[in-house]
Amino acid sequence: MRNRVLWIGLSLVLLLGVVTAVVVPRYLAGCRPVPGAATFTGTSSDPAGADGIGDVNFPRSGNGGYDVTGYDIQFRYESAPDLLHGQTTITARATEDLSEFKLDLRLPADAVAVDDRPAAIHQGSGKLQVTPAVAVRAGAPMTVRVNYAGVPSALPSRHCGASPWLRTADGGLAVGEPDIASWWYPCNDHPLDKVTFTITAVVPADLQVISNGALLGGPEPAGPGWQRWRWAHSEPMAPYLAFVAIGHYDIVRRDTAFGPYLAAYDRRLPPPVAAAARASVEQTPQIIEFLSGIFGPYPFHQLGGVVPDTPTLSASLENQTRPLYASEQFTSGERVTSVVHELAHQWFGDSVSVSHWSDIWLNEGFATYAQWLYNEHTGGYSAQQSATRSYARHTDDDEFWKIPPGNPGADQMFKPAVYDRGAMALHALRVAIGDKDFFTALRTWTTQRRGGNGSVADFLALIHRVSGKNVDNLAQTWLYSPTRPPSPPA
Ligand code: ARG
Ligand code: ZN
């Protein structure tokens, strides 16, 4: 009887929870067409400029018909209403005759010009459809200027949940994977289309703006009460890795052997968290030195990090040149392995990006393995011990083993299996082909594909080429089967 009452009570609480979690945000976020934007109609008669670049997990990400050659993102941001006014110029080359094409953009666009001529637009479902006044011929360059404005935090996630754009107490944060780019700038939102960026933000003069690459000059006056921050990143970068953090930051700068170092710490961080964050992130140059001994030369010309005060953000992210570290990581002290993880992504994920999102093992499995190597280097468990322990921690019936890290699926990209079983898989490959060939393969990968992309199949083919060993069975066991391998990698 008691139990039944408990059950009914529990069910009610659960039901209420589900209703609140699912229905309320859906209602609030309003998964409605963007205000002020016409609904995208599409034209099935025109095959050019496809909606989607061809990603199996994310069929609507990115677009067909053109290749971006550069982004010049410019915006003004007011944090109190969370209002972003943007003017982004995209240079691109048409890869087919284009009477129309699409960009990924969720903020409402009010004007678009292609080669300085006003273009017609339709917008909705995350896409901005552009019809230039004059069709663009295959192979021709084009310059697309988009004016847009809106409240990025009000734009729902892909699943009608909360926006990936975060508001902080005094600013905003554009950080996310795989979703964030189209919440603040128009783009071809897929890692296959990597280019260089300039990012210019005008904000109230008391705020700082942190982004990727080099800070050009210092903040410049931009009218009474406003300042302009100009950032430039000169290496190819996937759209999701472009970021801005706007708020009150203490900025630390110094020169290092790998280029200028710039880290930024939110002034609102509680002092012990700020101290732990600094003690960890300030080790970036030494960690890059360690990793470059294994993976090859550091692929970029700047380094650093940013730690915003975001108590509800649990995941860090490997923003190119300047990872974001979730402050939550430092609430119980230093966490150097988190820095190792995000810095390993500079090679695996950033410099060499996934070809498709199903290749996410190449990012997370490798960054986790880098943590194991670092632990061994600093006198902790050996990589072999980490692999054995991780295998033992997950028993036969653990759901963990149901997710194949070699192709986890859109909703499971960041499950522990992709990280930990992914690192076990890498260790299994290492044991199978021997250290010499294994580390040669890693360096060959980062060298030959620097600034580009690669797939899991490409990586396995490289392992085969370097070692002469067929690793198909091993890959099947560790990357693709939804069951626990019979024994730990050894
Ligand atoms: N790549 C990030 C990392 O370094 C993980 C991002 C997690 N994203 C998410 N939507 N859960 O681990
Ligand atoms: Zn990661």
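The values are calculated or read from the model by the stated rules, or taken from the named source; none is laboratory data. Because the structure is predicted, anything quoted here is derived from the model rather than measured. Every residue, glycine among them, receives a Cβ derived from its backbone with ideal geometry; neighbour counts consider all protein chains shown. Ligands, DNA and RNA are stripped out before the accessible areas are found, and what is left, the full protein with its side chains, is counted by its heavy atoms. Shrake-Rupley method; radii C 1.70, N 1.55, O 1.52, S 1.80 Å.
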Exercise for review: Determine whether the range 67-87 contains at least one residue that is in contact with a Gly (Cβ under 8 Å, 6 or more places away or on another chain), modelled with pLDDT of 95 or more, farther than 30 Å from Asp206 by Cβ and not hydrophobic (A, V, I, L, M, F, W, C).
Suggested key: no
Check your understanding: Any idea which of Arg253, Arg268 is assigned to a loop (DSSP other than H, G, I, E, B) and more than 16 Å from ligand 2 (Cβ to nearest atom)?
Key -> Arg268
Review point. Has the range 298-305 got at least one residue that is within 12 Å of ligand 1 (Cβ to nearest atom) and within 30 Å of Tyr480 (Cβ to Cβ)?
Key: no
Check your understanding: Can we say Glu342 is open to solvent by 10 Å² or more (accessible area, probe 1.4 Å), within 12 Å of ligand 1 (Cβ to nearest atom) and either touching a Ser or Thr at 6+ places or on another chain (Cβ under 8 Å) or touching a residue at least 12 places away in the same chain (Cβ under 8 Å) (or both)?
Key -> yes
Exercise for review: Scan the range 344-357 for residues that are among the hydroxyl-bearing types (Ser, Thr, Tyr) and either within 11 Å of ligand 2 (Cβ to nearest atom) or over 13 Å from Glu177 (Cα atoms) (or both) and jot them down.
Suggested key: Ser351, Ser355
**Study point:** Unmet requirement for Gly305, which otherwise passes all of (1) within 21 Å of Phe197 (Cβ to Cβ); (2) out of contact with any helix residue (DSSP H, G or I) (no Cβ under 8 Å at 6 or more places or on another chain); (3) of a type in the set (Gly, Ala, Ser)
**Key:** (2)
Point to revise | Selection within the range 150-209 - assigned to a loop (DSSP other than H, G, I, E, B), open to solvent by less than 30 Å² (accessible area, probe 1.4 Å) and β-branched (Val, Ile, Thr) | key: Thr168, Val175, Ile180
Revision key, fill the gap. Note on the range 465-487: residues assigned to a helix (DSSP H, G or I) and open to solvent by less than 60 Å² (accessible area, probe 1.4 Å) are Val466, Ser467, Leu474, Ala475, Thr477, Trp478, Leu479
Check your understanding: Does Ala94 satisfy the criteria of being free of Cβ contacts under 8 Å to residues at least 60 places away in the same chain, open to solvent by 10 Å² or more (accessible area, probe 1.4 Å), more than 12 Å from Pro186 (Cα to Cα) and over 22 Å from the mean Cα position of the chain (by Cα)?
Key -> no
Point to revise | Search result, residues across the range 364-389 that are within 16 Å of ligand 1 (Cβ to nearest atom) and either in contact with a Lys or Arg (Cβ under 7 Å, 6 or more places away or on another chain) or open to solvent by less than 10 Å² (accessible area, probe 1.4 Å) (or both) | key: Glu364, Gly365, Phe366, Ala367, Thr368, Tyr369, Ala370
Point to revise | Of all residues in the range 231-249 being open to solvent by less than 10 Å² (accessible area, probe 1.4 Å) and among the small types (Gly, Ala, Ser), the one that is farthest from Thr196 (Cα to Cα) | key: Gly247
Check your understanding: Could you say whether any residue in the range 68-88 is in contact (Cβ under 8 Å) with a residue 60 or more places away in the chain and of a type in the set (Lys, Arg)?
Key -> yes
